[in-house]
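Asks: The structure is given below, and queries will be raised subsequently.
The values are calculated or read from the model by the stated rules, or taken from the named source; none is laboratory data. For clarity, every value in this text was computed on a predicted model and none was experimentally measured. Backbone-built Cβ (ideal geometry, glycine too); neighbour counts: all protein chains shown. For the accessible areas, the whole protein counts, side chains as well, though only heavy atoms, and no ligand, DNA or RNA atoms are used. Shrake-Rupley method; radii C 1.70, N 1.55, O 1.52, S 1.80 Å.
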Amino acid sequence: MHLHLLLLLALFRAGCVVAGPSYTLRGNWRVSNGNGSLELPATVPGYVHSALHQHGLIQDPYYRFNDLNYRWICLDNWTYSTEFKIPFNLSEWQKVKLTFDGVDTVAEILFNNVTIGKTDNMFTGYSFDVTNVVKDVNSLKLRFWSAVQYAERQSKAHTRYPVPPECPPVEQKGECHVNFIRKAQCSFSWDWGPSFPSQGIWKDVRIETYNIAHLDYLTFLPVYDNASQVWNIEIEASFDVVSSKSVGGQVTVAIPKLKTQQTNHIELQQGQRIVKLLVKIRKDVAVETWWPRGHGNQTGYNMTILFALDGGLKIEKAAKVYFRTVQLIEEGIKGSPGLSFYFKINGLPIFLKGSNWIPADSFQDKVTSERLQLLFQSVVDANMNTLRVWGGGIYEQDEFYELCDELGIMVWQDFMFASALYPTEPGFLASVRKEVTYQVRRLKSHPSIIIWSGNNENEVALRVNWFHVNPRDMKTYIDDYVTLYVKNIRKIVLSEDKSRPFIASSPTNGMKTMEEGWISYDPYSIQYGDIHFYNYINDCWNWKIFPKARLVSEYGYQSWPSFSTLEKVSSQEDWAYNSRFSLHRQHHRDGNHQMLHQVKMHFKLPQRTDPLRTFKDTIYLTQVMQAQCIKTETEFYLRSRSEIVDGKGHTMGALYWQLNDIWQAPSWASLEYGGKWKMLHYFARRFFAPLLPVGFEDEGVFYVYGVSDLHKDYHTQLTVRLHHWSSPKPLCSLVNSSIVVKAGEAVVLFQMPVSELLRRCRGCTRETCVVSFYFSTDKELFSPTNYHFLSSLKDAKGLLEANITVNISQKGNVFVFDLETSAVAPFVWLDVGSIPGRFSDNGFLMIQRNHSVLFYPWKPTSKSELQQAFSVTSLTDTY
């Protein structure tokens, strides 16, 4: 046990009463299984699986088939226990509370062998009054119940009608009835993740003592008053007042940099009491607003709130306060039926560029601060400005949202309901109301959160009838849907937070969905709201298959993670594309076949005879395919922002599915488990650049659009080149030096029939040449060279086997990889195995003989280590 006190306030001046000490129960506990045959040390916060692995009783849960082999752990009922001595005099304090910030999930809590309460929701905190049972030396037990068995029992108890889906698809190897338990929905399995519905105390636990009054929570919200054109801060504080007499005092809010200090008198009666304050920022004080990344600074101000109460009690809280406005604009568009769907931050339209976030691990005790920061650095390095926190995982830890605030990453925040129907029994709804209230109060002060969304895909699931509900019963399920997301969740959100928009589902038709009774007639409409789009059958190089929608909040293609990532959780017999391991790890129906289907459209399948080499080449090709598919799709959305074509367009967001992985398996992610960049993430760094040339063909004409996220028009030069596959020297160049890229728009800058382009560049055919194009910009602005293939690469002529050599040198903490190629090389992939870090560029088209790339290590390494681990692959290496 960590024997240290967490003092809410350390004011030891004469006449000042210190707010009661808080004693953490983090640290060393014991955990035992249901029949007591297994007992071992455990760490809190932590999980049963983690304790078993840490003490050598199980292997890595992610190794090979252990998600199935260790199912017994989730089916058992485990008990966490500890004994502790209170390191202060209990007689000095009127009230003692036991507080949990997170219990996963269903548990009975015994304090000195007295049952003091139960938990059944992972997503809310719990506090229990232990004043009458606490002693100097205490025992604490949490008797967990298997989440799988609890969910099954809750489902069986719901006898009036079924609430589908009963079980996940067989490919997911998961557990059933997850919609009956308030736990991470993906913990019972998903199409990219394993089934590990573990048990544990996943957040902080502590003893809190106090006299007079205790501050239970404090939340605040900056709000801009349009009428008076001033900023106000709405502050809400909840107290548990134990004094039998009325408690008076003052609260002082200070924001020194904004020359703000406001004092209010307060009077608190015994019991639970709410204090609401409105702090006005002077109109003559300049307030710097918070901006998304790439659009301005993320300015925040230090704020202190001091409660000075009768009896000399002083309680002080410090927080960072940010100021920004967010509007979801749904209005008519000239030349297009329907409504727009885009965000204005501080009055400026912002194109959402980013991805979807899933839990970083099945076991949250493994998601360290270092790991979180590394993932966020990769978000920033890929020029993203938005993450959608997907509704089948968790409301993320505080540091997640703090990093988003500091880095300017906007958050689309789902509530934790996904791809299922849910019960609306009174007990379930009461638990959800506590959850939503708790989370909105915890999170609403974060400027990064720009929207609340009630669920993931449940509106469309009802309308399209994913779960084959009898049409006669559909009204019951629609009524349940409205009860849960509108009459409960939405009602609470609108009461607690008037500063940001709420939508009931994603995808949604927004205002149209509201008008149509919350289940839109066509949730897939591209004329309203956001959409999710997946198409694994048609050719992903054909941009015409993609929807010219208002905002695309999910889209993607699968790939396999690199061999160095898979190697850690597999054995030699697993290293084949159709091995039992490969089929087991693929949780998406027909996923492995779908990847090869897309690969075969434009590339040759691996030709080598060595089975391991073939496996590695296939992995490489799935990453090439994924990167190229999502590049084509994303660039289509990016160039659709400023135009209406055939009544469609004004696309203002592209969030691909998905950013990160929960384990080592094929998935839609661009970051592998452990943080290694797939080829897609390098592509994202380029296609999300603030200034980007986008090329495509339509009816035999080649176009280049200039796509800009800049706040001013930019004068630049556009160069279009044709290269023969057999020579690194460009055959010809077309230069336009009077290009103006419009601020925040996508406009046509170049168009020419492909036949004319080939005629101007003699010796070129579609099969023998490739087009590159780029803006000439100043050094401060990153604008990548882009390219356009005139034919499938399996049909390319003159493509030679490239001999690529490397010289590695070190410059400070960075390593320089100087590359030289003997021929034009598509999709050059540099790999240093398991050495953590990223390259400045990768997966690139090497159309010059020499190219230098930097390697940024995430942990100390050496030139010799890199040389030993280094390998380079380009497309012809797979032939």
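Asks: Can you confirm whether the stretch 653-671 contains a residue that is within 26 Å of residue 335 (Cβ to Cβ), in contact with a Phe, Trp or Tyr (Cβ under 9 Å, 6 or more places away or on another chain) and among the β-branched types (Val, Ile, Thr)?
Replies: There is no residue in the stretch 653-671 that is within 26 Å of residue 335 (Cβ to Cβ), in contact with a Phe, Trp or Tyr (Cβ under 9 Å, 6 or more places away or on another chain) and among the β-branched types (Val, Ile, Thr).
Asks: Could you give every pair whose Cβ atoms fall below 9 Å, whose first residue belongs to the stretch 301-326 and is more than 30 Å from residue 344 (Cβ to Cβ) and among the β-branched types (Val, Ile, Thr), and whose second residue is modelled with pLDDT of 95 or more and not in a strand (DSSP E or B), counting only separations of at least 6 or pairs across chains?
Replies: 304/256
Asks: Could you go through the stretch 148-155 and let me know if any residue there is outside the structural domain of residue 96 (by the TED database), open to solvent by less than 30 Å² (accessible area, probe 1.4 Å), in contact (Cβ under 8 Å) with a residue 40 or more places away in the chain and not in a loop (DSSP other than H, G, I, E, B).
Replies: no
Asks: Under 6 Å by Cβ, and 6 or more places apart or on different chains, what pairs join a residue from the stretch 444-455 that is open to solvent by 10 Å² or more (accessible area, probe 1.4 Å) with one that is among the hydroxyl-bearing types (Ser, Thr, Tyr)?
Replies: 446/401
Asks: Could you please find all residues in the stretch 335-363 being closer than 30 Å to residue 48 by Cα and open to solvent by less than 20 Å² (accessible area, probe 1.4 Å)?
Replies: 356, 357, 358, 359, 360, 361, 363, listed by residue number.
Asks: Is the stretch 774-781 home to any residue that is among the aromatic types (Phe, Trp, Tyr), open to solvent by less than 80 Å² (accessible area, probe 1.4 Å), under 26 Å from residue 839 (Cα atoms) and touching a Leu at 6+ places or on another chain (Cβ under 8 Å)?
Replies: For the stretch 774-781, residues among the aromatic types (Phe, Trp, Tyr), open to solvent by less than 80 Å² (accessible area, probe 1.4 Å), under 26 Å from residue 839 (Cα atoms) and touching a Leu at 6+ places or on another chain (Cβ under 8 Å): present.
Asks: Sticking with this structure for a sec: Checking the condition among the acidic types (Asp, Glu), on the phi > 0 side of the Ramachandran plot and out of contact with any helix residue (DSSP H, G or I) (no Cβ under 7 Å at 6 or more places or on another chain), which residue from 646, 610 passes?
Replies: Being among the acidic types (Asp, Glu), on the phi > 0 side of the Ramachandran plot and out of contact with any helix residue (DSSP H, G or I) (no Cβ under 7 Å at 6 or more places or on another chain) holds for just one of 646, 610, which is 646.
Asks: Still on this structure: Output the number of residues of the stretch 272-308 satisfying the condition of being open to solvent by 20 Å² or more (accessible area, probe 1.4 Å), β-branched (Val, Ile, Thr) and assigned to a strand (DSSP E or B).
Replies: Total meeting the criteria: 2.
Asks: Considering the stretch 74-90 alone, what residues qualify as being in a helix (DSSP H, G or I) and within 17 Å of residue 103 (Cα to Cα)?
Replies: 74
Asks: Which residues, taken from the stretch 68-83, are open to solvent by 10 Å² or more (accessible area, probe 1.4 Å) and touching a residue at least 12 places away in the same chain (Cβ under 8 Å)?
Replies: The answer is 68, 70, 71, 75, 76, 77, 79, 81, 82, 83.
Asks: Let me ask something additional. Select from the stretch 509-561 the residues that are charged (D, E, K, R) and within 25 Å of residue 643 (Cβ to Cβ) and list them in ascending order.
Replies: 512, 522, 530, 539, 544, 548, 550, 554
Asks: Please work out if residue 389 is crowded, with 19+ Cβ neighbours inside 10 Å, out of contact with any Lys or Arg (no Cβ under 6 Å at 6 or more places or on another chain) and either basic (Lys, Arg) or farther than 30 Å from residue 433 by Cβ (or both).
Replies: Taking the combined requirement at face value, the residue does not satisfy it.
Asks: Across the stretch 754-771, what is the total count of residues that are outside any strand (DSSP E or B) and open to solvent by less than 70 Å² (accessible area, probe 1.4 Å)?
Replies: Final tally of qualifying residues: 10.
Asks: Also: Any idea which of (1) of a type in the set (A, V, I, L, M, F, W, C); (2) more than 26 Å from residue 424 (Cβ to Cβ); (3) open to solvent by less than 40 Å² (accessible area, probe 1.4 Å) is the one residue 114 doesn't satisfy?
Replies: (3)
Asks: Modelled with pLDDT of 95 or more and open to solvent by 30 Å² or more (accessible area, probe 1.4 Å): is that true of residue 397 in this structure?
Replies: Judged against the criteria, residue 397 is a match.
Asks: For residue 857, work out the one condition from (1) surrounded by 16 or more Cβ atoms within 10 Å (Cβ to Cβ); (2) farther than 19 Å from residue 562 by Cβ; (3) not assigned by the TED database to the domain that holds residue 724 it doesn't fulfil.
Replies: (2)
Asks: Anything in the stretch 156-176 that is buried (at least 19 other Cβ atoms within 10 Å of the Cβ), outside any helix (DSSP H, G or I) and either free of Cβ contacts under 8 Å to residues at least 60 places away in the same chain or of a type outside the set (Asp, Glu) (or both)? List them, or say none.
Replies: 163, 168, 174
Asks: State which residue is least open to solvent (accessible area, probe 1.4 Å) when the search covers only the stretch 509-532 and only residues that are among the charged types (D, E, K, R) and without any contact (Cβ under 8 Å) to a residue 60 or more places away in the chain.
Replies: My answer is 516.
Asks: Related question: Filtering the stretch 138-147 down to residues that are outside any loop (DSSP other than H, G, I, E, B) and of a type outside the set (Phe, Trp, Tyr), which residue is most open to solvent (accessible area, probe 1.4 Å)?
Replies: The residue in question is 143.
Asks: Would you mind finding the one in 701, 707, 754, 771 that is modelled with pLDDT of 95 or more, under 30 Å from residue 879 (Cα atoms) and in contact with a helix residue (DSSP H, G or I) (Cβ under 9 Å, 6 or more places away or on another chain)?
Replies: Checking each option against the conditions leaves just 771.
Asks: In the stretch 643-679, what residues are open to solvent by 10 Å² or more (accessible area, probe 1.4 Å), assigned to a loop (DSSP other than H, G, I, E, B) and of a type in the set (Lys, Arg)?
Replies: 676
Asks: Still on this model: Might you check whether a residue that is modelled with pLDDT under 95, open to solvent by less than 20 Å² (accessible area, probe 1.4 Å), under 23 Å from residue 215 (Cβ atoms) and assigned to a loop (DSSP other than H, G, I, E, B) occurs anywhere in the stretch 21-37?
Replies: No - not one qualifying residue is present in the stretch 21-37.
Asks: Right, something else. From the list 830, 819, which one is surrounded by 14 or more Cβ atoms within 10 Å (Cβ to Cβ), touching a His at 6+ places or on another chain (Cβ under 7 Å) and assigned to a strand (DSSP E or B)?
Replies: 819
Asks: Enumerate the strands (runs of 3 or more DSSP E) found wholly within the stretch 680-753, keeping only those where 2 or more residues are over 30 Å from residue 620 (Cβ atoms) and over 33 Å from the mean Cα position of the chain (by Cα).
Replies: Here the list reads 701-708, 714-724, 730-741, 746-753.
Asks: Of everything in the stretch 705-724, what is within 15 Å of residue 640 (Cβ to Cβ) and either aromatic (Phe, Trp, Tyr) or open to solvent by less than 10 Å² (accessible area, probe 1.4 Å) (or both)? Give them in sequence order.
Replies: Correct list: 705, 706, 707, 708.
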